[in-house]
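Read the figures in this text as sums done on the coordinates, not as results from a lab. Computed from a prediction, not measured in an experiment: that's the story for all the values here. Don't worry about glycine lacking a Cβ; one is built from the backbone with ideal geometry, like all the others, and counts go over all protein chains shown.
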Number of protein chains: 2
Amino acid sequence: MVVELDDIDLQILELMQANARISNVDLAKELSMAPSAVLERVKKLEQKKVILQYNTAVNPAALNQRLLAFIFIKTKELESDAKIATMLARIPEVQEVHIVAGEDCFLVKVRTEDSASLMAMMRKSIKRVPNVLSTKTTIVLETVKEQQQLVIRKS
Amino acid sequence: MVVELDDIDLQILELMQANARISNVDLAKELSMAPSAVLERVKKLEQKKVILQYNTAVNPAALNQRLLAFIFIKTKELESDAKIATMLARIPEVQEVHIVAGEDCFLVKVRTEDSASLMAMMRKSIKRVPNVLSTKTTIVLETVKEQQQLVIRKS
DNA sequence: CTTGAAAGTGTCAGCTG
DNA sequence: CAGCTGACACTTTCAAG
């Protein structure tokens, strides 16, 4: 995908990354533009899939999801990577599924209530995915930073 | 932190996780409540830090950030974990910093333009953090799923 | 991109159970 | 305390320039 983004677009993205619920008029004030012009740009950014979605970051502790783990999953060498990936992606506790270079094939990020529910989830969901050979789990003791904001470099 | 969340709160969180820019009236319609009551609940959720922030997911490809990597960082055994973590967290390309169990001490998620800029960032930023003994980098070939939405279980 | 106007929304005070 | 109503100001959104 090639998209042309000018400095105004980048500034919009920067402001919206920091606060998705910023109002159009506030955006317009920051950019010294009319609200309608800003709205039009935002709509175009959505439509061009530059903006993928607006989400609310909920405190995991408030929902009793205290355990975070990364699981490396090794599978039989085969062409059907995509199918396995899709099955992993369907597990609700799984927040991320990456296909990675090296001998481990998949890296999965998982959030559960505690270690017991992690084990339950692995037995119930991950180990039932066909062609899974082995898993290697890394437990997170403490998260120091967790954000999806991208670095925006204006020209 | 212990917070009491009832089913209405959970429904608000579910709707806002999926779309942070949903309007108050739409929320109210979904919940069959008056907008003012919903607004009050949302404000309380923000204030109680159940809602941490509203962010916009920007397509990394649109900003030319095509490379995603996870780096395990081993450091000298010491008490000053927190200081190292803070230094890692300050690197703009670093989206996540976790302190993990096992012999690797830190796990860091990084997004850069390409492998050259990843190497540059490692030389310039990570290797300059004191007490870093070694790093082990896992390159992501393809991301199949990436979301931070939590599983919400209504009672 | 701007203006201007209509329709819709956020927000608050005051009221009710 | 949590929710409702009603009212006003502010926003969103669109057509036209």
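So if the hydrodynamic radius of the stretch A:19-69 is defined as the Kirkwood radius over C-alpha pairs, what does Stokes-Einstein give as its diffusion coefficient at 25 °C and 0.890 mPa s, in µm² per second?
My calculation gives 185 µm²/s for D.
Give me the net charge of B:Val129's neighbourhood, meaning all other residues with Cβ under 10 Å from the Cβ of B:Val129; Lys, Arg count +1, Asp, Glu -1.
The answer is +4.
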Could you quickly flag the chain B residue whose beta carbon comes closest to the rotation axis taking B to A, and that distance in whole angstrom? B:Ala20, 2
Picking from A:Ile91, A:Val129, A:Ala116, whose Cα lies most toward the positive end of the charge dipole for the stretch A:60-139 (charges on Cβ: Lys, Arg +1; Asp, Glu -1)? A:Ala116
How large is ³J(HN,Hα) for each residue in the stretch B:59-76, as worked out from phi by the Karplus curve 6.51 cos²θ - 1.76 cosθ + 1.60 (θ = phi - 60°), to whole Hz, x for Gly and Pro? 5, x, 4, 5, 9, 6, 10, 8, 9, 10, 9, 10, 10, 8, 10, 9, 10, 4
For helix A:35-47, what angle does its Cα long axis make with the longest principal axis of chain A, in degrees from 0 to 90 and rounded to 10? 30
List, shortest first and in nm to one decimal, how far the label point of A:Ile22 (7 Å from Cα along Cα→Cβ) is from its counterparts in the other copies. 2.4
With a 10 Å cut-off between alpha carbons and a GNM built on chain A, which of A:Val108, A:Val38, A:Val144 moves the most? A:Val144
For B:Gln47, inter-copy label-point distances (7 Å, Cα→Cβ), nm, shortest first, read 4.1
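Report relative contact order for the stretch B:45-106 in percent, whole number only (criteria: Cα-Cα under 8 Å, sequence separation at least 6). Display every interim value, and only then the final one.
Working: 29 pairs, mean separation 18.1, N = 62.
Averaging sequence separation for qualifying contacts and normalising by length gives 29 percent for the stretch B:45-106.
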Please return the longest stretch of chain B lacking exposed loop sites, where GluC sites (Glu not before Pro) count only if DSSP places them in a loop and at most 12 other Cβ atoms lie within 10 Å. B:5-76
The stretch B:1-77 versus the stretch B:109-139: alpha-carbon centroid distance in Å: 30
Between A:Met119 and B:Glu77, with labels modelled 7 Å along Cα→Cβ, what's the label distance in nm to one decimal, could you check? 2.6
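Taking the Cβ of B:Ile51 as the center, what net charge do the other residues with Cβ under 14 Å away carry, scoring Lys and Arg +1 and Asp and Glu -1? Provide the component values of the computation, followed by the final result.
Values: positive: A:Arg21, B:Arg21, B:Arg41, B:Lys43, B:Lys44, B:Lys48, B:Lys49; negative: B:Asp9, B:Glu14, B:Glu40, B:Glu46.
Taking every Cβ under 14 Å from that of B:Ile51, the sum is +3.
Can you give me the orientation-averaged projected area of the convex hull built on the Cα atoms of chain B, in nm²? Don't skip to the answer; put the middle values down first.
Numbers: hull surface 47.8 nm².
It is 11.9 nm².
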Using each residue's phi in the stretch A:122-128, evaluate 6.51 cos²θ - 1.76 cosθ + 1.60 at θ = phi - 60° and report the 3J(HN,Hα) Karplus result to the nearest Hz, with x for Gly and Pro. 5, 5, 6, 10, 6, 5, 8
